[in-house]
Amino acid sequence: MTQSTVTRRIPPDDSGTGSFGVNLDDVLDDDIKAGLPVIIYARWVLVIAGLGLTLWNSANFVEAQVSVLIILVLAVGNFFLQVEVNRERPIKKWIVYGASAVDIGAITGVLLLTNTFPSSTYVFFMPALLALSVTFSTFNTAKYTVGAVIGYGLISIAPINDMGGGTVEATSLLIHMLILLSVPFCGGVFWRLERTRRTQEINADMVEQQLTDNFETTSTGGDA
Amino acid sequence: MTAQAINTNAEFLRRESAEDVFYGQVVINWARWFVIAAGVILVMTLTSTPAELTVGIIPIVGLMVVNFYLHGRRLAQNPANRGLIAISSMLDLALITTVIAIGPASAEAGLGSQFYVAYFPVIAAFGFVMPRRMTVVYTLVAMIAYAVTTLVVNTQILSGSDVSWIDFEALVTRLIGMAAVGGLASFFWWVQRNRRRAATS
């Protein structure tokens, strides 16, 4: 047995009991760990762009105050996560899930505060949901996405009514909600594809290694 | 010996890149289905005459044909190559930009068009599949196309020395969103590539 075989990584497997003794929980942790930087960068985009846009052109003082407060809280939380990742310290799952829920809640809150439709703040859902979809499992991503879509739909009703909403606004809302689904859906498809691909490649690599090891053992035995 | 090592490495990179396209192109197909669905909703609800419906639906049917062909090839394990994927993705951008430029009516064109959201899934999908340089170019093309279209259609945004700051802010916010989605998708593509290499090394 060569050293490389001993230290080789265990391959992920969707069934939870792969051919090389896979533990699905470890795989999930590994996936979250790999996707966490994407969430952190997405949140920095939200913080920097959100702060810049709020300070640049805010119509209402109270609205600006609340927005800045929300953004600063997000920045502090993200700074903590960024430091923990850089120090390679273990981060509890609930913190990552909770922070992501806060992201969605913050964007929804700012939209509720501005009470306009269509609002450009909507676009901040996109990087946030994309980051979630490549980090969390499909089921968890679906929960966040459905939450965001329902939340966005509900908070859009009031401004659309105020505008005396017609077909144009209803169509815009429908398209916005559809696209809110599409980005995490595509992210989820890619996440699953990559997981399968990684599994196949690791399995193929391990089979190849075992064949090599068997060949070496047989050869050695034959020579002896 | 060194030349052989370089050739082996180049072959590995070429194969890896081809596999990225082989496995990932279904994400682009799915993103295009969402764009098609959004286009159908737009045309069906915002057109009022058979002539408008005809003009509106023809490009969407064309995109559907393209996607049936590409998705069908993928399902038949005979996926398209990188060139074809890149061309079809540029076609997506062209169609979205055209819808934004023309709109079902003048009020729903340019900045008033909410169809700009269709850029997001196609940019994300492209970033997941293609190498970083190509994603950067694709995202920039989308951003420039949208900015130019909007500035041409909505001349009030930059009218001489007068700037409509509210409209300008909306444009900038949307462009930031597009850049963020492209950047994050490409970053995750890089993360996944490194994970695969680490797992099999």
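The values are calculated or read from the model by the stated rules, or taken from the named source; none is laboratory data. Keep in mind that this is a model prediction, so the values were computed, not measured. We place every Cβ from the backbone using ideal geometry, glycine too, and count neighbours over all the protein chains shown. SASA here: full protein model, heavy atoms, side chains in, ligands and nucleic acids out. Shrake-Rupley method; radii C 1.70, N 1.55, O 1.52, S 1.80 Å.
Selection among A:Ile95, A:Ser156, A:Met206 by position relative to the dipole of chain A gives A:Ser156 as farthest towards the positive end (Cβ unit charges, Cα centre). Which residues does a label at B:Glu52 reach in region A:131-175, if reach means a backbone N under 11 Å from a point 7 Å past the Cα toward the Cβ? Once the point is set 7 Å along Cα→Cβ of B:Glu52, A:168 turn out to lie under 11 Å by backbone N, inside region A:131-175. With semi-axes defined as the square roots of five times the eigenvalues of the C-alpha gyration tensor, the equivalent ellipsoid of chain A measures 47, 20, 11 Å, largest first. Taking the square roots of 5 times each eigenvalue of the Cα gyration tensor of the protein assembly as shown, largest first, gives ellipsoid semi-axes of 43, 26, 18 Å. Across peptide A:109-117, the average count of Cβ atoms from other chains found within 10 Å of a residue's Cβ is 0.
Per residue, the protein assembly as shown exposes 47 Å² of solvent-accessible protein surface, assessed with a 1.4 angstrom probe and all protein chains in place. Using the alpha-carbon positions of region A:154-224, Rg (one decimal) and Dmax (whole number) come out as 28.2, 91 Å. Look at the stretch B:181-193: the mean tally of other chain Cβ atoms within 10 Å of its residues' Cβ atoms is 6.
In peptide B:163-175, what is the residue-averaged number of other protein chain Cβ atoms found within 10 Å of each Cβ? All intermediate terms of the calculation are to be shown ahead of the outcome.
Numbers: counts 0, 0, 2, 3, 0, 2, 6, 7, 1, 6, 11, 3, 1.
Taking the mean over all residues of the peptide, I get 3.
Sort the following peptides by mean Cβ neighbour count (other Cβ atoms within 10 Å, averaged over residues), highest first: B:103-109, A:203-209, A:103-109.
Top of the packing list down: A:103-109, B:103-109, A:203-209.
Counting heavy atoms of the protein chains alone, A:Phe215 has an accessible area of about 140 Å² for a 1.4 Å probe. Within straight-line reach of A:Lys93, meaning a Cα separation under 16 Å, sit the following aspartates and glutamates at least 8 residues removed in sequence or on another chain: A:Asp25, A:Asp26, A:Asp29, A:Asp30, A:Asp31, A:Glu84, A:Asp103.
By the gyration tensor of its Cα atoms, with a ≥ b ≥ c the square roots of the eigenvalues, what is the shape of chain B: rounded for a/c under 1.5, prolate for a/b over b/c, or oblate? Mind showing how you got there, number by number?
On the way: a/c = 2.99, a/b = 1.62, b/c = 1.85.
Verdict is oblate for chain B.
Accessible surface of B:Met64, taken over heavy atoms with a 1.4 Å probe and every protein chain present, rounds to 60 Å².
A simple charge model with +1 on the Cβ of Lys and Arg, -1 on the Cβ of Asp and Glu and nothing else charged puts the dipole of region A:94-224 at about 580 debye relative to its Cα centre.
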